1. Angle between the Cα long axis of helix 133-143 and the longest principal axis of the chain, 0 to 90 degrees, nearest 10?
2. Estimate the FRET efficiency between residue 476 and residue 173 by the formula 1/(1 + (r/R0)^6), using the beta-carbon distance for r and 60 Å for R0, to the nearest 0.05.
3. Rank-order 63-75, 465-477, 143-155 by packing density, defined as the average count of other C-beta atoms within 10 Å over each peptide's residues, highest first.
4. Obtain the nm distance between the two label points defined at residue 454 and residue 408 by a simple spin-label model: each point lies 7 Å from its Cα along the Cα-to-C-beta direction.
5. For the pair residue 157/residue 388, report the inter-label distance in nm, with labels modelled 7 Å from Cα in the Cβ direction.
6. Based on the mean of other Cβ atoms within 10 Å per residue, sort peptides 321-332, 407-418 so the most packed one is first.
7. Just order 224-232, 170-178 by mean Cβ neighbour count inside 10 Å, highest at the front, would you?
8. Relative to the present Cα-Cα distance, how much length would full extension add between residue 510 and residue 113 at 0.36 nm per residue of separation?
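Quick note: the coordinates plus some simple rules give every number you see, no bench work behind them. These numbers were taken from a predicted model, which means no experiment stands behind them. Neighbour counts run over all protein chains shown; Cβ positions are idealised from the backbone, glycine included.
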Ligand code: AHR
């Protein structure tokens, strides 16, 4: 705590001021450029991902109509109720790696007749296919979300993929459209996004970018849907710092009457130690890993920049989106858990990390028009954790809720003057992260994050702002988290910026974030 005191006192000597004005001085300031509005922050930046993986769908979302857990037609009421409040704009399904082994016909028709298959991607557990295409669309309808379906390139055929789209979107009297009707859905569904394969560099087939690019063109040619129901077609892109997937796709997939590519799906997971063998733990981590997790997560800005630079050369009009369709934290599996289920605790660290990512995505909103956090329930950086009939909301859930005003808002560039560094050993990152926007109903919102675990920071908001009110998220410890017996250890609380002289100051506690509306 000595740092800010020393800095403030020395400033008081410099300006020869009173003790009161020493504390009034905020050395970090933010200027919001309302006069230079940027791109729309597409609501789909707040998209989510639900895969057949561990307890992500079965138990987490779907318990079946006969379950003792209170449910509506098989969907658990507590989880659906909580997700409704998040205004989830988009859900990606059924994978992930699982998508390249999923055969859609297994998941339609009377549930008792559906085959039991093995989930070879995630622990070889059986899947009774009770959750299939109709259930997915019902989930999306309950939540008011758009849909993103990931097609099977790895073990499927162009025919199987094209027929899935026909089943979902055809208004005709074809046998497939009538099968959909027989299975309970008269009208075609709207499919907003459709991906051709997933992680084709790895679990999706271990392909090279060149080989995949040929396959993309082959498959995409046959994905025909009615004119008024054309999903955005998404190519499987690279990961982390890779740019060669973006390069190969942008160079070699022309946009013609019979071929299109509307987006490239890039993946980036944040590992505290940056090492897939020893990723780092979810709770009980040292301060070094608090910092290294944030230092690793903000690398995504460089990865976005380098990929976007390539896209700009080939597509200056920014027609093709750069979609981060998997992102979030990935920790070592907790002892006792099936490591294939990717279940992990979620702490204040995850919350601040989600905010840091949003603040970056907003800056590139003209190209990054969709992202999906991995994943929705019980898997990786989840919004919700369940244990049979019990449910809790994670710190990440609260951040998604705090950021709702940013959905479809106009990005307003914001500069930080005098930003401090948070340093430990050899690693150093900016202490404060900022993002501002004008909401669809004309309000100005500001998000501020203080990543320093021990030092508070005062941030002055420059301009004529008189008030700033909203919510603060912080907690006692770096790894504070919610449990089934203490569900509210980390939860937002009301927050007000204070007027000090002619400055509006947001006094950010150590390890905290705020989203406020400015007036
Ligand atoms: O989100 C878990 C897995 O991570 C996905 O199935 C895969 O695409 C990625 O490797």
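1. Once rounded, the angle reads 30 degrees.
2. With a Förster radius of 60 Å, E is 0.45.
3. On the way: 63-75: 14.3, 465-477: 17.2, 143-155: 21.8.
Output ranking for 63-75, 465-477, 143-155: 143-155, 465-477, 63-75.
4. Output for this residue pair reads 4.6 nm.
5. Between residue 157 and residue 388, the simple spin-label model gives 4.6 nm.
6. On the way: 321-332: 24.6, 407-418: 17.8.
Result, highest mean Cβ count within 10 Å first: 321-332, 407-418.
7. Details: 224-232: 14.8, 170-178: 13.2.
Going by the mean number of other Cβ atoms within 10 Å, highest first, we get 224-232, 170-178.
8. On the way: separation 397, 0.36 × 397 = 142.92 nm, distance 5.56 nm.
Computed gain between residue 510 and residue 113 is 137.4 nm.
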